[in-house]
Amino acid sequence: MNLDFSQIVPYIPFMLEGIWVTLKFVSVCIIAGFILGTLLALCKITNNPFFKWFANAYTSIFRGTPLILQLMIIYFAVPQLTGYDISPFLSAVLAFGLNSAAYVSEIIRAGILAVDKGQTEAAQALGVPYKLMMRNIILPQALKNILPALMNEFITLTKESAIVSVIGYLDLMRRAQIVGADTFHNFEPLLFAGVIYWVMVYVLTSAGKVVERRMRLSD
């Protein structure tokens, strides 16, 4: 076996920088996806037919097409159609944020519908406005029920973030590819990157369990 991990030792600081680059991009995508996904979920349960149609059409499009296709379209089509030279970071945030929102919207919608209808009826009987009812009564209860599913979506997003390497964004995966090209040893840097991804996912999973446990104890 022609393995030599000493070849990548000088490149370890370069690859480790990819952790913060990846986490920065993923964090922005998670926030954007959660906010947009919540709005889409509210549109899906509204009585307004246009909002409901728009949210369902949005979800169908982004769940029915490959994420890498969405990323490539944004990165290459935006400059062609608008003349704006979009950066790899912005392209990645838009593609992953919009895609994640479609999945998050379904998770939150299911969580809202799982809340006892008596909560809604009681709030309406007390004259609580719809916005306050959703913000202070329904959504907090729904979040407790869907936290495991949300954490799973965020973990999936972290792993799939490696796709942004195809547009030259210097995330962890792209840096591993660069090291492999420089050293002519691809297995070692890819294995090193794989270990780092596993550690990040493990930390996220552990954090999710802690948050879930605390939310249950607060009931």
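Residue by residue through segment 166-186, note down the ones that are farther than 24 Å from Ser87 by Cα and surrounded by 14 or more Cβ atoms within 10 Å (Cβ to Cβ).
Within segment 166-186, Gly180, Asp182, Thr183, His185 qualify.
Kindly list, by first and then second residue, each pair from a residue in segment 197-219 that is more than 14 Å from Ala149 (Cβ to Cβ) to a residue that is basic (Lys, Arg) and part of a helix (DSSP H, G or I), limited to pairs with Cβ atoms under 9 Å and residues at least 6 apart or on different chains.
Between residues of segment 197-219 that are more than 14 Å from Ala149 (Cβ to Cβ) and residues that are basic (Lys, Arg) and part of a helix (DSSP H, G or I), the close pairs are Tyr197/Lys159; Met200/Lys159; Val201/Lys159; Arg216/Lys144; Ser218/Lys144; Asp219/Lys144.
Pull up segment 103-130, narrow it to residues that are of a type in the set (A, V, I, L, M) and either within 30 Å of the chain's Cα centre (by Cα) or within 26 Å of Gly33 (Cβ to Cβ) (or both), then point me to the one that is surrounded by the fewest Cβ atoms within 10 Å (Cβ to Cβ).
Only one residue tops the list, namely Ala114.
List the residue pairs whose Cβ atoms are under 7 Å apart, where the first residue sits in segment 162-174 and is in contact (Cβ under 8 Å) with a residue 60 or more places away in the chain and on the phi > 0 side of the Ramachandran plot, the second is in a helix (DSSP H, G or I) and buried (at least 20 other Cβ atoms within 10 Å of the Cβ), and the two are 6 or more positions apart or on different chains.
Within 7 Å, the pairs are Gly168/Arg174.
Quick one: count up the residues across segment 81-139 that are among the aromatic types (Phe, Trp, Tyr) and either touching a Gly at 6+ places or on another chain (Cβ under 8 Å) or within 24 Å of Ala162 (Cβ to Cβ) (or both).
Total meeting the criteria: 3.
Within segment 131-153, how many residues turn out to be crowded, with 18+ Cβ neighbours inside 10 Å and of a type outside the set (A, V, I, L, M, F, W, C)?
Selection size over segment 131-153: 1.
Mind checking whether some residue in segment 30-39 is part of a helix (DSSP H, G or I), more than 17 Å from Ala92 (Cα to Cα) and more than 16 Å from the chain's Cα centre (by Cα)?
No, segment 30-39 contains no residue that is part of a helix (DSSP H, G or I), more than 17 Å from Ala92 (Cα to Cα) and more than 16 Å from the chain's Cα centre (by Cα).
Is at least one residue of segment 18-32 loosely packed, with under 12 Cβ neighbours inside 10 Å and either in contact with a His (Cβ under 7 Å, 6 or more places away or on another chain) or small (Gly, Ala, Ser) (or both)?
no
In the list Glu188, Glu153, Glu212, which residue meets the criterion of being among the acidic types (Asp, Glu) and closer than 23 Å to Lys24 by Cβ?
From the options Glu188, Glu153, Glu212, the qualifying one is Glu153.
All of the numbers you see were taken from the coordinates with simple rules; none came from a lab. In this text the structure is predicted, and so the values were computed from the model without any measurement. Methodologically, a virtual Cβ is constructed for each residue, glycine included, from the backbone with ideal geometry; neighbour enumeration extends over all protein chains shown.
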